[in-house]
Amino acid sequence: MSEAAPLPERSRIVRQHLESAGIESEIRVLPDSARTAVEAASAIGCDVAAIANSLVFVADGEPVLVMTSGGHRADVGVVAASIGAGRVEMAPASVVREATGQAIGGVAPVGHPSPLRTYIDDALEQFEEIWAAAGHPHTVMPLTFETLRQLTNGQVIAVA
């Protein structure tokens, strides 16, 4: 991260959550947007499947966070079956913002107004290092699969 590029406010909140959890991860400010897994992977120089997309779904009326591999699309039917929900749909932008305090394309696994029930794509487990958004569309952070699981108290599931 360039010292000249201060962290956006939402990324500073994410950093506070990491520090409180005893997790060391350098939040990087990217010169261009990393709103999509392809953009993020290109900017970082990693496999697109190592990008941990933060997707907010509404499961039986409750917002939940699903951290998915950028290597495939989450199937709402598979997600519903994996989490035991009767109905799962993508959350509208207003629900994402309300539940996370962050904008789509920059949603971090933490730093939300209150913790979200979190699920993690089992496909991410194959990577030594994964990359997640850090609260802003221009910020990312490296994590291990186990660190992501511990940080979010996430349940590992199939999403595709």
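The values are calculated or read from the model by the stated rules, or taken from the named source; none is laboratory data. Since we're looking at a predicted model, the values are computed, not measured. Note that we place each Cβ from the backbone using ideal geometry, even for glycine, and neighbour counts take in every protein chain shown. Protein only, heavy atoms only, side chains kept; ligands, DNA and RNA dropped before computing areas. Shrake-Rupley method; radii C 1.70, N 1.55, O 1.52, S 1.80 Å.
Here are the numbers for this structure:
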item: Relative contact order computed over the chain (Cα-Cα under 8 Å; 6+ residues apart), in percent; result: 28
item: Solution diffusion estimate, µm²/s, Stokes-Einstein, the range 52-129, Kirkwood Rh from C-alpha pairs, 37 °C, viscosity 0.692 mPa s; result: 259
item: Within a Gaussian network of the chain (alpha carbon springs, distance under 10 Å), most fluctuating of ILE120, ILE13, ILE130; result: ILE13
item: Antiparallel DSSP beta bridges within the chain, as percent of all bridges there, nearest 5; result: 70
item: Pairs of Cα atoms farther than 15 Å apart, the range 91-160, %; result: 55
item: Neighbour cut-off at most 16 other Cβ (10 Å), DSSP loop, chymotrypsin sites (Phe, Trp or Tyr not before Pro), the range 51-160; result: none
item: Three semi-axes of the equivalent ellipsoid, the range 10-160, Cα gyration tensor, whole Å, largest first; result: 21, 17, 15
item: Heavy-atom SASA rank of ASP60, ASP121, ASP75 (probe 1.4 Å, accessible area, largest first); result: ASP60, ASP75, ASP121
item: Highest-first arrangement of 42-49, 102-109, where packing means the average Cβ count within 10 Å; result: 102-109, 42-49
item: Dipole moment magnitude, nearest 20 debye, the range 1-86 about Cα centre, only Lys, Arg, Asp, Glu C-beta charged; result: 100
item: Cα convex hull volume per residue for the range 1-92 (Å³); result: 132
